[in-house]
1. Only residues that are polar (S, T, N, Q), modelled with pLDDT of 95 or more and open to solvent by less than 50 Å² (accessible area, probe 1.4 Å): list them for the range 1-29, please.
2. Would you say M29 is closer than 26 Å to G137 by Cβ and part of a helix (DSSP H, G or I)?
3. Filter the range 110-168 for residues that are open to solvent by 50 Å² or more (accessible area, probe 1.4 Å), more than 17 Å from D79 (Cβ to Cβ) and hydroxyl-bearing (S, T, Y) and give the result.
4. Please state which one of D89, D79, D60 is over 19 Å from I109 (Cα atoms) and among the charged types (D, E, K, R).
5. In the range 74-96, which residues are surrounded by fewer than 19 Cβ atoms within 10 Å (Cβ to Cβ) and within 21 Å of S54 (Cα to Cα)?
6. Among the residues of the range 1-25, write down those that are touching a residue at least 12 places away in the same chain (Cβ under 8 Å) and part of a helix (DSSP H, G or I).
Amino acid sequence: PHTVPEKEATAGRSQDAPRLPDEKWDYMMSAIREVAKVVKSQGICCMLHPHAGSWIEYEDEMERALKDLPADLVSLCLDTGHCTYAGMDPVEKFKKHVARIPYMQLKDIDPVVLKRMQDIKGSFWDGVTGGIFCVLGKGKVDYPALLRAMKANGFSGYVTIEQDFDNK
């Protein structure tokens, strides 16, 4: 993921967020496909990681990218925190895209901080420094439901528990 100022400013607020014009989107997809071909030739799995503050953050962007990028070249890294930050249900996204998910990042979102950031129109970095990413299991992500879905689908990929913070 690579955050950009114009998307950082609207993190967690899909209706306020700009979208890439089609020609720039197509260029980005082409670049991702080319990178994926190179890394696949080296035996490396290329993954799309939808991320708050990036050009692939919200459900429409994530679904469009997954449609535009061949599944045999680009897998999905499901990040539960960024998915939730963007207004998606990570359990439903896991169920929908399980065949394409070899790796997950587990984070949690404090719903009180998320609401406050949406109300004050805080940026991605405002959210990070304001504690939007909370202790796993203490936030909005339904981890019991996610773990049931992972077990029911025989998920055997990798998982990282991660904590976003402002390292400035």
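1. Passing the criteria: T10, S14.
2. no
3. Correct list: T129, S156.
4. On inspection, the qualifying residue turns out to be D60.
5. G87, D89
6. Passing the criteria: E6, K7, E8, S14, D16, W25.
The values are calculated or read from the model by the stated rules, or taken from the named source; none is laboratory data. It should be emphasised that the depicted structure is a prediction, and the values quoted were computed from it without experimental measurement. Here the Cβ is made from the backbone with ideal geometry for all residues, glycine too, and neighbour counts use every protein chain on show. When the accessible area is computed, the model is the full protein with side chains, heavy atoms only, and any ligands, DNA or RNA have been set aside. Shrake-Rupley method; radii C 1.70, N 1.55, O 1.52, S 1.80 Å.
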